[in-house]
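This report refers to the structure that appears directly beneath it.
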Amino acid sequence: MNTLYLEIAVVVLGIILLMVESYSASANKARLAWIGAIGLFGVLLLSFIPQHAPAPGSPAAAFITSDLLSVFFVRLILAATIVFLLTVPSFFPALRISLPAEREGGGLGEFAILPIFVCAGLMWMVSAVDFIMIFVSLELATITLYILATYLRQNTASLESGTKFLILGALSTGFIVYGISWLFGTTGTTNLLALPSAIAALPEAAVTPLLFGIGMILVALSFKISAFPFQFWVPDVYQGAPTPVTSYLSVASKAAGFVVLIRLLGALWAIPAVSHQIHAVITLLAALTLIFGNFAAIPQTNMKRLLGYSSVAHAGYLLMAVASLSSKMAVPAIGFYFAGYLAMTMLSFVVLQVVSEATGGDEISRFNGLGRRSPLLAGAMLLAAASLAGIPFTAGFIGKLLVFEVALKQGHYGLVALGCVTVAAGFYYYFKVIRAMYWQQPAEETSIAVPGALRFLIAVLGAAIIAFGVYPAPILAALR
Amino acid sequence: MNLSTVAWITLLAPLGAAALILLVTRTNRAAASGLAILSALIALVGGWTLFLNHAEGIYQGFNWIDFGKDFSIPFALALDPLSRTMLVVVTTISPLVFIYSLGYMKEEEGFWRFFAGLAIFLFSMLGIVLANNLVMMFIFWELVGVSSYILIGHYYGKPSAADAAKQAFLVNRIGDFGFMLGILLFWVATGTFDFSGVNDSAELFKAHPTLLAVSCVLIFCGTVGKSAQFPLHVWLPNSMEGPTPVSSLLHAATMVAAGVYLLARIFPILSASPDACEIVAWTGAITALGAGILATQQDDIKGILAYSTISQLGYMVTGAGLAISAALPMFHLFTHAFFKCLLFLTAGSVILGMHHEQNIWEMGGLRKKMPVTFLTYLCGMLALSGCFFFSGHYSKDLIMACAWEHHRGIFWVVVIAAALTPFYMTRQALVVFFGKPRSEHAEHAHESPLVMIVPLILLAIPAVCAGYAPVEHYFFHSVGSLTEPEVPHFVELVFGAAFVIGILAAFVIYRGAPAKDPIRIPAFHNRFYIDDFYFWIVRVIQGGFAKLCSFIDRWFIDGILVRGSATVVWTIGFALRFLQVGNIQAYALFFAAGVVGLLYLLLTIH
């Protein structure tokens, strides 16, 4: 099957849902999310039919490819979007409060449909091999995410979050466009596949402008994957955005950013003229991101902010693997890390969503005594936190193990040593949540009701964390 | 259905039953026992199908861990003559014990929990039998440990039972630690976990006999723990706190024999190391003699049998250590499984008839009140004692004859142990079944229900016949050679004399079934004070060390290292937080600084 059909199917699904939305009664908006989730699940199944890239020579072939990397991450993004859509209906009560109520149920439907367009954008982004395509799909996804982040229009925190995201995002967009033009100016191509041979033909004097262009692009990608020092938007935006959006932002959008980074660096990694500088910069970025993400997370008291810093910290571990890109195992390690990261991050956000809905806030203290109030939620959060911290028999442990192993084999001893320190720090702040749940007195004793869809998600994501942690072979095999 | 499917079903049926009981039927008694027995019967049919069809080869499952060529652990089943014979033993005995438990556990609390535990055990035990590599075996090894823990602690409300369960688990951990190190050593040396690969690696070790000996002895540590060899034997007598069917199935017939099975599994490589074999053989011989001595002075009906089990396991381990054939220890394992299982089940029948009185000096004269139990007990007891025409005679004499041939020192040790066996068994038989009732309970003892009697009768058949030459040939001809070595005439006389002397001595001392034990040897009665010695070590040395650690931990590690570094890290985090000013102009400024820094680096590094 031509790989383009998957993205086209997603876009068509989105457009159909938009049309259905205009005619559906306000009480039925939740149905849109279910249909969307089922539709995307259909696309996910379609992705298991053998995919092939557009025929060589066809116009699309210059922009889109289909390889193990793209297929894996297309599935990952579809899965993340499905999780998002399943959490949407139970988020409607919170949405209702913060949306202007001129019309009953107004604005709810779009919240369930916009993610589908983000999904299409991110899917294109992970399959793209040309910077024009990358840029267009990046913008499709990012602009839609701006809207989603500001969705709680009457909530100043959400507005603030969206504005910060918009302004800093625009800044990074400027850098990527500028970088692409420098790249094009020096090499005469925007195509990643043609890039190595184009660079090889360059005179030595052209290396500096080339590196300048690459640097600009790296800035924008670092913003996307929240690497230090371009991560400052993360805690603020994560805290203000609606919880399902935060969850999605930290998984799908970051995954697509990493894929582009892998593709760009994969093209440049072995070119003697630039490789030396790039290796050093990526290693440094990894180290700084690890330090910042983990240490700044320690004093946090707000769960969403904490998960924001945690997302930065995980970007640091992933960058460790990127810095070891010479190893054949680096890309499988990143892929596996993301599969586990999806399960554990989205699981913790699902629990957070339920808890903040029930208690009215995102602070860690809202989790106090959750073990007594709702053993299911507390158990799920325990599992997610254990996996985020990297305890054996969870996906997070195997992910970190693979990343560390890859880094060790490439001789990044300093990074691994630093990684060990930051993992220890990670235990501290993830276990704060566990301590609150099991060792603190609850503010009230009433149990917390969990909607059916979320209960399903908790079961599936929790099972995935354990399954990946005990039997990692299938996921690894998918990228080898 | 091909044999591969049969093998997988055989392994997974008990797991399915356990899962159904624990997750679905829960406290429903009929469903729990029904499911467990059904799964045991499926395993029975599967096990025999595999045996009769001579299932052979590796049945691939899936790659559990796969990090490329260097390190991968497949999950696969190995069918060969050895595992087939063991499979028959496990699957034949299990359903009988399961059915027997219906009667024995009828009045007990946690009936359903008990059957779930049995099913988990059966699954784990079959896993040990069918495992094709050391890691898989280790996993199932630990799983039988867990199921043993659960089942010994069945009456967890009783402190002695809870302690016994804990002790069994912890003592086994000591042995398993060595086992794990052994697995790792073999892996380092040979690069594989597969039994076939490990067993074929004798060439590799040619230049490193010490490494081989150390690796084998470390693996043997697993046997020492699981098969209760000296000095880790202490847990087995205490494990008798569990319900009697558990003692019978786990702590006599199958689980404790897993250690011997392990030795048979690695037999080709073990026999390549004479040093390791010497250690194994002596450990077995010392255990056989020591436990035999202790058995003579126990008062608990199950306690006697427990020490006797240790002693017999010692014979099997000796048999493995003689390095003649894997079939030698396996043959004794085979016969012992049936008659010892039978003995425990008759003991259970007695205990039930006696309203849970276990002291043999409260019994007496039960012969007439429990005739079937008595007759079946007699079959088991004679088989264990090594009486002519009973199964134990053939397998035990074979080990002793081989010992004469290969190792005179060990021969004399095990012969003395062989005289002790009929002695303590006759003592038990005379005190329990003959003479006058010594208590109220014994007066009113009654025969057990049919559901318990039938398994006894069914088990009595193999207890008598399992040693005959055709049976031996049928089950062992492909496992390894079992030809009896030529021994001088007087050696055969020694065997006979050992048996006769043992019985006669017991008759002389316990004739007329006295009311109290006429001999009292405190050292034997108190288990050579080994348990007390261990307790002292734990209390004084380990306790003292723990106090020291606690002091260091509290004042040095917690106080300086942890609090100190935590404060430093927290301060860094706190300081970093000030970068997060929340002001977008500041963020843009940081962003710009980042761009400048990144470009500077990119353009200046050469």
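Going by neighbour counts of Cβ atoms within 10 Å, the residues B:Trp235, B:Trp64 line up, fewest first, as B:Trp64, B:Trp235.
Counting Lys +1, Arg +1, Asp -1, Glu -1, what net charge surrounds B:Ile301 among other residues with beta carbon under 11 Å of its beta carbon?
Working: positive: B:Lys302; negative: B:Asp299, B:Asp300, B:Glu357, B:Glu362.
Summing Lys/Arg as +1 and Asp/Glu as -1 gives -3.
When each of B:Arg265, B:Arg26 is scored by the number of other beta-carbon atoms lying within 10 Å, the sequence from fewest to most is B:Arg26, B:Arg265. Separation of region A:351-369 and region B:57-102, taken as the distance between their Cα centroids, equals 47 angstrom. Taking the average, over residues, of other Cβ atoms within 10 Å as the packing measure, peptides B:390-402, B:568-580 rank B:390-402, B:568-580 from highest down.
Can you give the average number of partner chain beta-carbon atoms within 10 Å of each beta-carbon in peptide B:587-596, as a whole number?
Numbers: counts 9, 5, 1, 6, 12, 3, 1, 11, 11, 0.
That works out to 6 on average.
Peptide A:205-215 shows a mean partner chain C-beta count of 2 within 10 Å per residue C-beta. Taking the Cβ of A:Leu218 as the center, what net charge do the other residues with Cβ under 15 Å away carry, scoring Lys and Arg +1 and Asp and Glu -1? Result for the local shell: +2. Ranked from largest, the principal axis spans of the Cα set of chain B equal 102, 56, 53 Å. The order of the peptides B:208-214, A:462-468 by mean Cβ neighbours within 10 Å, most packed first, is A:462-468, B:208-214.
Please give the helix A:156-187 orientation as an angle from the longest Cα principal axis of chain A, in degrees from 0 to 90, rounded to the nearest 10. Long axis of A:156-187 versus the principal axis of chain A: about 10 degrees.
Peptide packing: for B:473-485, A:405-417, the average count of neighbouring Cβ atoms within 10 Å per residue gives the ranking A:405-417, B:473-485, highest mean first.
Could you work out the longest stretch of chain B that avoids the GluC sites (Glu not before Pro) located in DSSP loops with at most 14 other Cβ atoms within 10 Å? Maximal segment without exposed cleavage sites: B:204-485.
Mean partner shielding of peptide B:570-583, defined as the number of other chain Cβ atoms within 10 Å of each residue Cβ, is 6.
Cut-off is 10 Å between beta-carbons; in what order do A:Glu110, A:Glu7 appear when sorted fewest neighbours first?
On the way: A:Glu110 17, A:Glu7 20.
With the fewest neighbours first, A:Glu110, A:Glu7 line up as A:Glu110, A:Glu7.
Are there any trypsin sites (Lys or Arg not before Pro) in region A:72-166 that are in a DSSP loop and have at most 16 other Cβ atoms within 10 Å? List them by number. Show your work: numbers first, answer last.
On the way: sites: A:Arg75, A:Arg96, A:Arg103, A:Arg153, A:Lys164; in loops: A:Arg103, A:Arg153.
Sites meeting the loop and neighbour criteria: A:Arg103, A:Arg153.
If you take every residue apart from B:Phe591 with its C-beta less than 15 Å away from the C-beta of B:Phe591, what net charge results, scoring Lys and Arg +1 and Asp and Glu -1?
Taking every other residue near B:Phe591 into account, the sum is +1.
Under the simplified labelling scheme, the B:Lys436-B:Ile279 pair shows an inter-label distance of 5.6 nm, with each label point 7 Å from Cα along Cα→Cβ. Calculated [222 nm] ellipticity per residue, helices only, for chain B: -22500 deg cm²/dmol; basis is -39500 (n - 2.57) per DSSP H run with n ≥ 4, divided by all residues, nearest 500. Cross-link reach is defined here as a Cα-Cα straight distance under 30 Å, omitting same-chain residues fewer than 8 places apart; for B:Lys369 the lysines meeting it are B:Lys106, B:Lys302, B:Lys340, B:Lys436, B:Lys516.
No value in this document is a laboratory result; all are computed from the given coordinates. Source: prediction; values computed, not measured. Here the Cβ is made from the backbone with ideal geometry for all residues, glycine too, and neighbour counts use every protein chain on show.
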